[in-house]
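These notes concern the structure reproduced below.
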Amino acid sequence: MSVKILILYFSRTGNTEKMAKAVAEGAKEIEGVDVVLKSIREARPQDLLEADGIIIGSPTYYGTIAGPLKKFLDETVKYHGSLEGKVGGAFSSCGAMGGGAETTVLDIIKVMLIHGMIVQGNPEEHHFGVISIGSPDKEILEACKELGRRVARLAKQLKGEK
Ligand SMILES: Cc1cc2nc3c(=O)[nH]c(=O)nc-3n(C[C@H](O)[C@H](O)[C@H](O)COP(=O)(O)O)c2cc1C
């Protein structure tokens with residue numbers, strides 16, 4: 001039985017999309033893991049049901065989740081209770097230092113916790129989730145890959161696969 005990781009993102013000018021692609025690359029490195037990368041334009045709320053791990057990325061808009069992604073997340077209420085025990089992770093791109101990317105990531109994580117999902121922090125860096133100011137550089141892309149690897153590894157462990 002394979003482990004499924006869904007990476008879901010919204011991006012208008014491409015920065016969050018670059019991060020999402022790197023998160024997907026990292027998750028793919030874990031053996032036995034199937035990775036699906038979807039923009040919310042092509043995703044449906046029921047896609048979340050099929051995943052063991054869900055990693056969500058948003059640009060920071062006014063210090064929080066961008067409206068189109070928030071709308072999508074609000075639609076997941078019909079699956080309230082069904083996402084319990086899935087592993088979550090978050091990332092955000094913002095325009096400026098102190099622009100609120102961390103609060104965006106925490107807002108995504110709040111949605112996940114309300115769904116009963118499991119979110120692992122990172123003791124090394126990007127503790128809450130990965131953030132980027134503008135277009136992600138090499139170091140941020142590596143942190144995105146690591147986020148993908150960490151979520152995939154934990155989802156695999158929780159599914160009882162070594
Ligand atoms: C409506 C709107 C609101 C924004 N609000 C913020 C903000 O509060 N803080 C910030 O640092 N950047 C803000 N930005 C800048 C974006 O977060 C930034 O350009 C981001 O990298 C865009 O991601 P994308 O390329 O994936 O669309 C805002 C941009 C828009 C369009």
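FYI, it's all coordinate maths here, none of it is from the lab. Note that the structure is predicted; figures quoted are calculated from it, not measured. Glycine also receives a Cβ, built like all others from the backbone with ideal geometry; neighbour counts cover every protein chain displayed.
Tabulated results
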quantity	calculated
Failed item in (1) among the β-branched types (Val, Ile, Thr); (2) within 16 Å of the ligand (Cβ to nearest atom); (3) assigned to a helix (DSSP H, G or I), with Ile109 passing the rest	(2)
Hits in segment 83-95 - residues which are within 16 Å of the ligand (Cβ to nearest atom) and surrounded by 22 or more Cβ atoms within 10 Å (Cβ to Cβ)	Ala90, Phe91, Ser92, Ser93, Cys94
Condition met for Gly116 (in contact (Cβ under 8 Å) with a residue 24 or more places away in the chain, assigned to a loop (DSSP other than H, G, I, E, B) and touching an Asp or Glu at 6+ places or on another chain (Cβ under 7 Å))	yes
Where a residue in segment 54-66 is without any contact (Cβ under 8 Å) to a residue 40 or more places away in the chain and its partner, wherever it lies, is within 11 Å of the ligand (Cβ to nearest atom) and in a loop (DSSP other than H, G, I, E, B), with Cβ under 8 Å and at least six apart	Tyr62/Gly100
Meets criteria (of a type in the set (Val, Ile, Thr), within 18 Å of Phe91 (Cα to Cα), in contact with a helix residue (DSSP H, G or I) (Cβ under 6 Å, 6 or more places away or on another chain) and not in a strand (DSSP E or B)) for Val35	no
Qualifying positions in segment 1-32 - buried (at least 20 other Cβ atoms within 10 Å of the Cβ), assigned to a loop (DSSP other than H, G, I, E, B) and of a type in the set (Gly, Ala, Ser)	Ser11
Residue within segment 65-82 that is part of a helix (DSSP H, G or I), within 13 Å of the ligand (Cβ to nearest atom) and more than 14 Å from the chain's Cα centre (by Cα) present	yes
Every residue from segment 56-76 that is touching a Pro at 6+ places or on another chain (Cβ under 8 Å) and more than 14 Å from Thr103 (Cα to Cα)	Phe72, Glu75, Thr76
Scan of segment 90-123 for residues that are among the charged types (D, E, K, R) and closer than 20 Å to Ala22 by Cβ, ordered by number	Glu102
